1. What number of residues within segment 50-70 are over 30 Å from residue 30 (Cα atoms), open to solvent by less than 80 Å² (accessible area, probe 1.4 Å) and either at pLDDT 95 or above or assigned to a strand (DSSP E or B) (or both)?
2. In the set 137, 100, 83, which member is at pLDDT below 90, surrounded by 11 or more Cβ atoms within 10 Å (Cβ to Cβ), under 30 Å from residue 16 (Cα atoms) and of a type in the set (Gly, Ala, Ser)?
3. Can you confirm whether segment 11-18 contains a residue that is open to solvent by less than 60 Å² (accessible area, probe 1.4 Å) and in a strand (DSSP E or B)?
4. Could you list all residues from segment 104-130 that are open to solvent by less than 90 Å² (accessible area, probe 1.4 Å) and outside any strand (DSSP E or B)?
5. Can you name the residue in segment 31-47 that is closer than 25 Å to residue 88 by Cα and either open to solvent by 70 Å² or more (accessible area, probe 1.4 Å) or touching a Lys or Arg at 6+ places or on another chain (Cβ under 8 Å) (or both) and is also modelled with the lowest pLDDT among such residues?
6. Assess whether residue 47 counts as being over 25 Å from residue 152 (Cα atoms), touching a residue at least 24 places away in the same chain (Cβ under 8 Å), part of a strand (DSSP E or B) and in contact with a strand residue (DSSP E or B) (Cβ under 6 Å, 6 or more places away or on another chain).
7. Return the residues of segment 126-151 that are of a type in the set (S, T, N, Q) and under 21 Å from residue 88 (Cβ atoms); say none if nothing qualifies.
Amino acid sequence: KKWHFGARQPIDFVSTIKESSVFASDLISLNEQFQVMLGARYIWYRAEHLSSNAPSQSHNVFVPSAALIYRPLESVMTYASYSRGFEKGDYAPWNATNGSQPTDAIESEQYEIGLKVDLNDRLNAGVALFDIRRKASYLDTHNTFVSNGEYNHRGIELTLSNRLTDAL
């Protein structure tokens with residue numbers, strides 16, 4: 001049975017988002033204990049007609065990442081990392097004065113430090129502290145959806161993984 005959503009409506013606009021990128025990354029061993037990971041992405045981002053009257057968006061963005069890895073023992077790894085991110089913007093909620101309008105694209109930054117331990121041949125544990133900052137979009141006191149501020153996400157991540165069989 002086919003779904004029926006009412007009479008067919010004319011299309012007001014067609015959205016187009018095109019994102020192309022090139023990426024390179026390398027893990028460089030400095031000695032038995034230290035490694036450096038360096039990476040970079042260059043993004044070409046174009047967005048047209050995100051709503052019926054939204055302006056076009058065009059961004060060329062360099063997005064780096066880096067990490068310093070230290071292995072004091074064969075079964076222990078510590079690291080510190082930095083990375084940037086880039087994503088499509090948010091849309092205003094329908095009840096805002098600028099309802100359904102898109103914000104500009106969003107950039108973010110992340111810092112992380114962590115520790116990973118191989119407890120035995122099958123069991124691994126990890127702990128990481130992270131700090132992520134990104135543009136904040138919200139309804140202001142005039143009920144207008146704006147990108148004016150910053151979200152700051154801080155936290156801790158605990159992991160425990162186990163390989164149940166040799167076949168997995």
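The values are calculated or read from the model by the stated rules, or taken from the named source; none is laboratory data. What you see is a predicted model; the values in this text were computed from it and never measured. In this analysis, Cβ positions are derived from the backbone assuming ideal geometry, glycine residues included, and neighbour counts consider all displayed protein chains. These area figures cover heavy atoms from the full protein model, side chains too; ligands, DNA and RNA do not enter into them. Shrake-Rupley method; radii C 1.70, N 1.55, O 1.52, S 1.80 Å.
1. 3
2. 100
3. The answer is no; no qualifying residue exists.
4. 104, 105, 120, 122
5. This residue is 47.
6. The answer is yes for residue 47.
7. 137, 144, 147, 148
Residues are listed down the side, and each one gets a yes or a no for (1) out of contact with any Gly (no Cβ under 9 Å at 6 or more places or on another chain); (2) more than 23 Å from residue 149 (Cα to Cα):
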residue: 3; (1), (2): yes, yes
residue: 6; (1), (2): yes, yes
residue: 9; (1), (2): yes, yes
residue: 17; (1), (2): yes, yes
residue: 23; (1), (2): no, yes
residue: 32; (1), (2): yes, yes
residue: 55; (1), (2): yes, no
residue: 70; (1), (2): yes, yes
residue: 93; (1), (2): no, no
